[in-house]
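Heads up: the structure comes next, in structure tokens.
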Amino acid sequence: MTPTIGVFDSGFGGLTVLRALLCRLPHTRFAFLGDTARLPYGSKSRRTIARYAVQSAQFLVREQGAQFLVIACNTASALALDAIQQAVPVPVLGVIEPGAQAARAASATGDVLVIATDATVQSGAYSAACHSQGLRALEKACPLLVPLVEEGWTAHPITEQVVRVYLDELAAEADARSLHPDTLVLGCTHYPLLRPLIERIAPAGMAVIDSAESTAEAAARLFNGRAAQPDAKDVPEDAEVRCFATDSVEKFERLGSRFLGRAVGRVELIDLGG
Ligand code: DGL
């Protein structure tokens, strides 16, 4: 039987991680769950995030037979990775470590910036992961960006203004701390859709890290026992993907293709309780 990888996010932003996985593991079966009824996780407490994330992980393992889990949500990875690992009997990979490793590979100065949700920043998970890679990290919560991306305003002038304000504040804080950042980590599943805008606005020479790619690489290595380069730039259309959501199925089907790079197909509605 074809092995199944379960991919979980609070919403459908994690489809950016699934996209990178599909390009590397096209012959794997994927089950993706977006906990859209309880999105956003980024403004909630650790306890609540862990409860939601564990229920979601258990669905993918128990009901979908996932033999490997990728937590394609920065907030759940930052606050609930341990809880998920304890709750399911399969290997679980989050996005934080691979993101920090990619930052280390990209940074010459050793100083990196991280933008993420409130909860992710409060957890300090990126700072800790960067620190263990020998990097200094400065994190900033950018809570306005998720709703702007969900609205589809990825190239809108208002979004550009908001991104400018956040990046300017971050630069001023880096200056005040005498940091010399040369790398910016997109620490939220929604931000890769803003990458072209962010790359245009960010200071020249700033490397922009999308942890979706590094997570997919790490997952392919762990799952296959070897590193896998993306087979194709285009997302394979025939790879087997089943998508589940706890609410907003219609919105998921409509907007999901922007994140996945191909049609998401029919999204199945499930109920995980409260
Ligand atoms: N998926 C979340 C993340 O990557 C963003 C959306 C949310 O706040 O739930 O942090």
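Only the coordinates and a few stated rules stand behind these numbers; no lab work does. Fair warning: this is a prediction, and the values are worked out from it, not measured in the lab. Cβ coordinates were reconstructed from backbone atoms using ideal geometry, including for glycine residues, and neighbour counts include every protein chain displayed.
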- Message: Suppose R0 equals 22 Å. What FRET efficiency, 1/(1 + (r/R0)^6) with r the Cβ-Cβ distance, do residue 222 and residue 132 give to the nearest 0.05?
- Response: 0.75
- Please work out how much length the chain gains when fully extended from residue 195 to residue 266, using 0.36 nm per residue of separation minus the C-alpha to C-alpha distance, in nm with one decimal. 22.8 nm
- Message: Name the residue from 88, 102, 125 whose Cα lies farthest towards the positive end of the charge dipole of the range 1-144, charges +1 on Cβ of Lys and Arg and -1 on Cβ of Asp and Glu.
- Response: 88
- Message: I'd like to compare 73-79, 123-129: which one has the highest average count of other Cβ atoms within 10 Å, and what's the full order after that?
- Response: 73-79, 123-129
- Note on the structure: Whole-Hz Karplus couplings 3J(HN,Hα) for the range 85-94, θ = phi - 60° and coefficients 6.51, -1.76, 1.60, Gly and Pro as x, run 4, 6, 8, 10, x, 10, x, 10, 10, x
- Rounded to 10°, Cα long-axis angle of helix 96-106 versus longest principal axis of the chain: 50 degrees
- For residue 86, placing the label point 7 angstrom along Cα-to-beta-carbon and taking the range 19-60, residues whose amide nitrogen sits under 15 Å are 46-55
- Message: For the ranges 165-173, 188-196, what's the packing order if you count other beta-carbon atoms within 10 Å of each residue, average per peptide, and put the highest first?
- Response: 188-196, 165-173
- In what sequence, highest mean first, do 92-98, 235-241 appear when ranked by Cβ atoms within 10 angstrom? 92-98, 235-241
- Task: Taking all pairs of distinct Cα atoms, average 1/r, flip it, and tell me the Kirkwood hydrodynamic radius of the range 1-141 in Å to one decimal place.
- Result: 15.3 Å
- Query: List the trypsin sites (Lys or Arg not before Pro) in the range 94-201 that DSSP assigns to loop (not H, G, I, E or B) and whose Cβ has at most 14 other Cβ atoms within 10 Å. Which are they?
  - Reply: 177
- Listed by chain and number, the residues whose amide H is under 5 Å from that of residue 68, excluding neighbours fewer than 5 places away on the same chain and using placed H, are 6
